[in-house]
Amino acid sequence: MAHADTDLTNPPPIRSGCLGLLINYADAVLMVRPTYKDDGLYQLPGGGARENEPPWEATRREVLEETGLHVQPRRLLVLDWISAKPEKNIAAGANYVYWCGRVPDHTAVTLPEPRNDHEDPELDHYRWLRGAELEGYCAPYQARRVRAALQARVHGTLMELRHGHPLYEEAV
């Protein structure tokens, strides 16, 4: 029996943001700075899944495109729900953060080149950030998301978030 409130032939749009958590041996997280946002803040490397592309495959592809690093997502750490912004024509999004492993401290990161001379690069800088530095370089929701991913990695859990905030209260 079909659900009366769901049109399975025309489902609502949902973006899948597929992000990779990479840490060096100094316990710093790889972050990239996009040029398509005006805030100058850093975020985890990754991007949107293509149609019918699983999130773990999109993470592998996007991290390679954005950093030049070949990674194999090992475990889902965070699912962060971002509500739609109809006024900005932005669909709701499920953002997946995968543990992609440790890399040597001096690993070369290669940011993508612009596709042509008339285009700005997608990313203009990267940086390795420790947990205490996140607030100075990231949007608050991004800092919360990274901290949740770090915690989930250590504790072997999956963190479910909404705009970087935990969905569930800890049992006391």
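The values are calculated or read from the model by the stated rules, or taken from the named source; none is laboratory data. Fair warning: this is a prediction, and the values are worked out from it, not measured in the lab. So basically every Cβ, Gly included, is an ideal-geometry build from the backbone, and we count neighbours across all protein chains shown. With ligands, DNA and RNA removed, areas are computed over all heavy atoms of the protein, side chains included. Shrake-Rupley method; radii C 1.70, N 1.55, O 1.52, S 1.80 Å.
Report the full-extension gain for the segment Glu135 to Thr35: residue separation times 0.36 nm, less the Cα-Cα distance, to one decimal in nm.
Gain in length upon complete extension: 34.1 nm.
Report the net charge of residues surrounding Gly164, where surrounding means a beta-carbon distance below 11 angstrom and charges are Lys +1, Arg +1, Asp -1, Glu -1.
Net local charge, Gly164 excluded: +3.
So with the 1.4 Å probe, I'd like the accessible area per residue for the chain, rounded to whole Å².
That works out to 62 Å² per residue.
Ordering Thr35, Thr110, Thr9 by how much accessible area each has at a 1.4 Å probe, largest first, what is the list?
Thr9, Thr110, Thr35
Take the chain, connect every pair of alpha-carbon atoms lying under 10 Å apart with a spring to form a Gaussian network, then pick out the residue of Ala108, Ala49, Ala92 with the largest mean-square fluctuation.
Evaluated over the chain, the most mobile residue of the options is Ala108.
Quick one: length gained pulling His125 to Arg50 fully straight, 0.36 nm per residue minus the C-alpha distance?
24.6 nm
Given a Förster radius of 35 Å and the C-beta distance between Ala108 and Glu87 as r, what FRET efficiency does 1/(1 + (r/R0)^6) yield to the nearest 0.05?
After rounding, the FRET efficiency stands at 0.30.
Considering only protein heavy atoms and a probe of 1.4 Å, how much of the accessible area of the chain is carbon and sulfur, as a whole percent?
Of the solvent-accessible surface of the chain, carbon and sulfur hold 51 percent.
With the Cα gyration tensor of the chain giving a ≥ b ≥ c as the square roots of its eigenvalues, does the rule (a/c under 1.5 for rounded; else a/b larger than b/c for prolate; else oblate) give rounded, prolate or oblate?
Oblate.
Which percent, to the nearest 5, of DSSP beta bridges fully inside the chain are antiparallel?
The antiparallel proportion sits near 55 percent.
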